[in-house]
Each structure stands twice: as C-alpha cells, then as structure tokens.
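Heads up: the structure comes next, in structure tokens.
What follows is calculated from the coordinates using simple rules that are stated; it is not laboratory data. Since this is a predicted model, take the numbers as computed values, not measurements. Ideal geometry is used to build each Cβ from the backbone, glycine not excepted, and the neighbour counts take in all protein chains shown.
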2 protein chains.
Amino acid sequence: MLDASARELDPYQAGCPTRRILDLIGGRWTVLIVGALGEGTARFSELLRRVDGISQKMLTQTLRSMERDGLVIRTVTAEVPVKVEYTLSEAGRTLTEPLRALERWSIEHFSGVAASRSEYESRIAG
Amino acid sequence: MLDASARELDPYQAGCPTRRILDLIGGRWTVLIVGALGEGTARFSELLRRVDGISQKMLTQTLRSMERDGLVIRTVTAEVPVKVEYTLSEAGRTLTEPLRALERWSIEHFSGVAASRSEYESRIAG
DNA sequence: CAGCATCCCTGTAGATACTG
DNA sequence: CAGTATCTACAGGGATGCTG
C-alpha cells in the first residue's frame with residue numbers, strides 16, 4: 001500500500017531515501033538471513049549454523065540493523081544461559097518472496113554467468 | 001530451467017559459487033542500471049543521466065562486470081564521436097522482474113522502515 | 001562521446017580475544 | 001549462549017585529470 005509520501009519516491013534520483021534501503025539489501029548477508037528466517041523463528045547459534053560462513057560479528061551486526069529497520073523481532077528470554085530468538089516481522093515477511101526470487105535466479109543462472117565470465121576472460125587475454 | 005549442476009547449488013553453504021552472484025546484485029548500482037535498461041537500449045551518457053548520482057567510474061565499472069557476467073550487451077558504433085550502446089541480454093531481462101520487485105518494496109516500505117529507525121534510535125538514546 | 005588512470009578516503013568484513 | 005571490543009585488510013567508491 002502506497003501512502004502519500006511514497007508516490008514521490010524515485011530511486012533513480014540521487015537524493016532519494018529509498019537508496020538507503022537498497023543498500024540494506026546490498027549487505028550481502030541480509031538476503032541469506034531473511035531466507036534462513038523464512039522457515040520460522042531461530043536462535044542466534046542456529047542462524048550461525050544455517051548461514052554457513054558468516055562470522056559472529058557480521059551476524060550480530062546484520063541482525064541489529066535488520067531489527068533497527070523493523071525487519072526482524074528480537075526476543076530475549078532471561079534463562080541461564082540466555083536465550084535470544086529472532087523472527088521476521090510482518091514487513092520482513094514481505095521481503096521473503098522478492099529475495100527468494102533473487103536466490104532462485106542466482107541458482108538458475110549460475111552456470112550461464114560462469115560460462116560468460118570465462119569466455120570474457122579468454123577474449124580479453126587472447 | 002535447472003540444469004544438472006544447479007540442483008547441487010545451495011547459497012547457504014559457504015563455498016557455494018552462487019554467493020558470488022548474490023554479490024553481483026549487492027553492488028548497489030546494478031539494481032538501478034538493470035532498471036534503467038529495462039525500457040530498452042541506452043547510451044553511456046543516457047545511463048549517466050538516468051541513474052542520477054552515479055559517477056562515470058562506477059558506471060563504467062558496473063557495466064563492465066555486467067557485460068562480463070553476460071547481463072548486458074555492449075555495442076560500439078564507429079562513428080565520430082563514438083557511439084556505445086548498452087542493452088540487456090536475455091539473461092539480463094530475466095533479472096528485471098525480481099529487481100523491480102525489490103525496487104517496489106523499497107518504495108512501499110520506506111516510511112515504515114524510517115519510522116522503525118527513528119523509534120529504535122530514541123529507544124537506545126533514551 | 002565514452003572511456004581510462006590515479007589518488008585517496010571510508011565502509012565492510014574477517015580474525016581474535018574477552019564477558020554477562 | 002549470545003554477544004562486545006579491537007585491530008587490521010581490502011574493496012567500494014568519489015574526485016580529478018587525460019585520451020582515442
């Protein structure tokens with residue numbers, strides 16, 4: 001649903017604030033974290049395992065900015081040891097579909113892109 | 001269409017080569033350039049105007065990597081002065097829909113994200 | 001017109017070590 | 001368990017000046 005101000009927004013204009021949001025998506029971990037949370041709530045350590053290769057630092061940092069942006073809800077349960085659960089907010093859930101589409105695109109077009117890359121390299125080198 | 005190798009690809013695995021492709025999308029200009037080329041062929045200088053705020057350097061650089069990855073076709077016409085046209089390849093066109101979805105998402109959810117951010121800031125500060 | 005080359009600054013991200 | 005803190009390295013990206 002577009003509110004009044006949304007109609008004025010144009011990402012092709014330099015000053016447009018939506019560019020800061022495109023940046024959000026640009027952070028290369030966001031796509032994977034949203035995907036990992038698509039199946040439901042997860043704890044910090046679970047995410048660390050699901051998103052293979054992410055460091056603690058980047059997971060914390062990315063989750064913080066996602067929380068700040070209202071994409072993710074963080075719930076702390078005061079047990080010992082502490083339990084922290086992350087889940088997608090309503091807004092976050094609306095991101096899963098577009099991001100899954102990108103994920104699918106990456107998988108489907110990987111071999112074509114790889115072929116194009118090596119062909120390009122040899123064309124330059126040769 | 002998934003070929004045999006595609007079935008093995010899982011972006012949630014650290015070594016997965018599709019992560020390099022997600023990076024491609026991460027470059028924050030790619031989204032806007034694909035969008036700008038969605039309406040058809042454009043010359044270098046046209047793109048420079050359409051994608052407001054991009055520098056010559058970044059436009060060149062991003063177009064090169066998109067060409068290398070087979071998303072964009074570059075056509076040089078030997079006139080004086082030179083004419084260089086860019087157009088989306090078949091693969092590039094398949095990206096327009098998913099990326100437009102993200103663009104729409106940014107526009108539609110901007111105000112919500114902005115609100116969440118300021119609310120978060122004041123919660124921290126307070 | 002459509003670039004390439006260069007300098008330089010900053011943010012992103014990894015590694016590592018420590019704590020409530 | 002779920003972080004925080006610090007140090008460091010490198011790539012992303014802007015500004016400027018030059019060229020086929």
FRET efficiency for residue A:52 and residue A:94, using Cβ-Cβ distance with R0 set to 30 Å, rounded to 0.05: 0.70
Net charge of neighbours whose Cβ lies under 12 Å from the Cβ of residue A:118, counting Lys and Arg as +1 and Asp and Glu as -1: 0
Chain B: most fluctuating residue of B:111, B:89, B:55 per GNM, C-alpha cutoff 10 Å: B:111
Spatially proximal lysines relative to residue B:83 (Cα-Cα < 26 Å; intrachain offsets below 8 disregarded): B:57
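Could you tell me which GluC sites (Glu not before Pro) in segment B:40-126 are loop residues by DSSP with no more than 12 other beta carbons within 10 angstrom of their beta carbon?
On the way: sites: B:46, B:67, B:79, B:85, B:90, B:103, B:108, B:119, B:121; in loops: B:79.
Of the GluC sites (Glu not before Pro), the ones in loops of segment B:40-126 whose Cβ has at most 12 other Cβ atoms within 10 Å are B:79.
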Of A:72, A:80, A:34, the one that fluctuates the most in a GNM where chain A has Cα springs shorter than 10 Å: A:80
Where N is the number of residues in segment B:10-125, Cα Rg divided by 2.2 N^0.38 Å: 1.30
Whole-Å distance, taken between Cα centres, linking segment B:44-120 and segment A:68-104: 29
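Contact order normalised by length for chain B, with contacts defined as Cα pairs under 8 Å and 6 or more residues apart; what percent is it?
On the way: 91 pairs, mean separation 26.2, N = 126.
Relative contact order here is 21 percent.
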Diffusion constant of the protein assembly as shown at 25 °C, which comes from Stokes-Einstein with the Kirkwood Cα-pair radius and 0.890 mPa s, µm²/s: 125
